[in-house]
Structure formats: structure tokens, C-alpha cells
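Written below as C-alpha cells is the structure these notes are about.
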Amino acid sequence: MILIIHNRRAFVNPPTGAGAVRPRLCRLPNAPEPAMTGGMLTVRRAVESDLPALLKVQAEAFGAYTGTYETAAWTKETLENVALDAKDKVILVAEWDGAVVGSVRFWNAGGVCVIRLLSVSPAYQGRGIGKALMKEIERYATDAHKLYVCTMLRTPRNIAMFLNLGYRPAAVMPDHYNRMDMICFSKFLKPPT
């Protein structure tokens, strides 16, 4: 896999050969934000009663990549696992008109805010919900000097969102979790010393 950033456009180029897919193009920084029409978005810290809805959204969001990636770790997570995660991580949910439609988890490790499992229900994608969750993390991460997040390499929309939010590519990890290719991004909240 190759990620090419050229003239503020990102190309995710899968391997060539049988079954190869043409490179996909996505818009990068300064692309217009989708309109937040109809509905009210609220981002808040998750409570225990949110966990079933959070898992449903996560399963829908990662389930969209079934066939491209092995997603069972995210689509079949249990309430017990997410409740354990909630003990040492912050979990945010995004609500659209009172319904949970997105979530994200994060924690601080030595001054680095590690972000995982950003999920938005496919029916609500393109409304700025993922960006709102990421911006809320920045409000919470006052003791971090850097934010760190990874995504699947063949997700040009995710890559474009992180670039639009000021994240920069930090690492490409081929053949990583469940043999999928990942790209990681970082963003400094405080200048490096």
C-alpha cells in the first residue's frame, strides 16, 4: 500500500495485479465542511447506559469494512470489554437528536493522548460528527503534549479528516492488526522541545 499526498490530495494506492483497485482520491485541508442540516449534535462523556448503543454504532461503522479488512475485533466487542475499557479510558459519545451515533475512546500515556475506535454510524457520516468528537478530545487532553491516532490505510475519508484537523502522518504500519495496513497520525498540542 502507498499513501501519496500531492497538491493537497491524498491517494491511497492498493497493490497492483489481479483484483487491484484504482487509486481513490479524497479532498484534503481547506475542503468545505459538510453542512450540519437538521438535527442537533451533542458530544459528551459516555455513561454506562450508552454502552449498548455505542457497541451498535461501532459494529455498524467497522462492519462497513467487512471484506476489505478483518473487523471482528471491533464488530463483535462485548459489553464487558467496553465496560473494562471505560475504567481506564475516557469514552465520548456523539448524539444526534438524542440518539447515540458516534463514539471514541482515548487515554494519556506519558503525555501522549492515544485515540482509538473513532466510530460514526454510516447513516450519519458526512455531518462533521467524527470531527466534533476529535475536537472534543483536544478539549479534554489538557495534560497531553501530543495526540496520536491510527486508521486503516484504505480509508481515504478518514485520512482526509485527520489531515483537515491538523494531524500529520507519523507512521505506516503494514501487515499490522489482523494483517491490515494502518497509517498513524500525530498532532502536537504543545510545541516539541
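No lab work stands behind these numbers, since they all come straight from the coordinates. Just so it is clear, the structure is predicted and the values come from calculations on it, not from any experiment. Every residue, glycine among them, receives a Cβ derived from its backbone with ideal geometry; neighbour counts consider all protein chains shown.
May I ask you to list the chymotrypsin sites (Phe, Trp or Tyr not before Pro) in segment 41-136 that are in a DSSP loop and have at most 15 other Cβ atoms within 10 Å of their Cβ?
Within segment 41-136, no chymotrypsin sites (Phe, Trp or Tyr not before Pro) qualify (loop, at most 15 other Cβ atoms within 10 Å).
Based on Cβ point charges of +1 for Lys and Arg and -1 for Asp and Glu, what charge dipole magnitude is obtained for segment 85-193 about its Cα centre, in debye rounded to the nearest 20?
Dipole about the Cα centre, nearest 20: 240 debye.
Simple spin-label model, 7 Å along Cα-to-Cβ: Asn108 to Thr66 in nm?
So the two model labels end up 3.9 nm from each other.
Gain in length, Arg44 to Asp88, computed as 0.36 nm per residue apart minus the alpha-carbon separation, to one decimal in nm?
14.1 nm
Which ³J(HN,Hα) values in Hz, rounded to whole numbers, follow from the phi angles of segment 81-98 under the Karplus curve 6.51 cos²θ - 1.76 cosθ + 1.60, where θ = phi - 60° and Gly and Pro get x?
In residue order, the calculated couplings are 5, 6, 5, 5, 4, 5, 6, 10, 10, 8, 10, 9, 10, 10, 10, 10, 6, x Hz.
First measure r as the distance between the Cβ atoms of Ala99 and Lys190, then evaluate 1/(1 + (r/R0)^6) with R0 = 45 Å and state the FRET efficiency to the nearest 0.05.
After rounding to 0.05, the efficiency reads 0.80.
Residue by residue through segment 60-65, what is 3J(HN,Hα) from phi via Karplus (6.51 cos²θ - 1.76 cosθ + 1.60, θ = phi - 60°)? Round to whole Hz and write x for glycine and proline.
These are the phi-based 3J(HN,Hα) values: 5, 5, 6, x, 5, 9 Hz.
Give a residue-ordered list of calculated ³J(HN,Hα) values for segment 158-172 (Karplus: 6.51 cos²θ - 1.76 cosθ + 1.60, θ = phi - 60°; whole Hz; x for Gly, Pro).
5, 4, 4, 4, 5, 5, 4, 8, x, 7, 10, x, 10, 6, 10
Search the structure for amide H atoms under 5 Å from the amide H of His176, placed 1.01 Å from N in the peptide plane, and list their residues when 5 or more places away or on another chain.
Amide H neighbours of His176, under 5 Å, 5+ apart: Asp181, Met182.
Label points 7 Å out from Cα along the Cβ direction at Thr142 and Asn178: separation in nm?
A separation of 3.7 nm, rounded to one decimal place.
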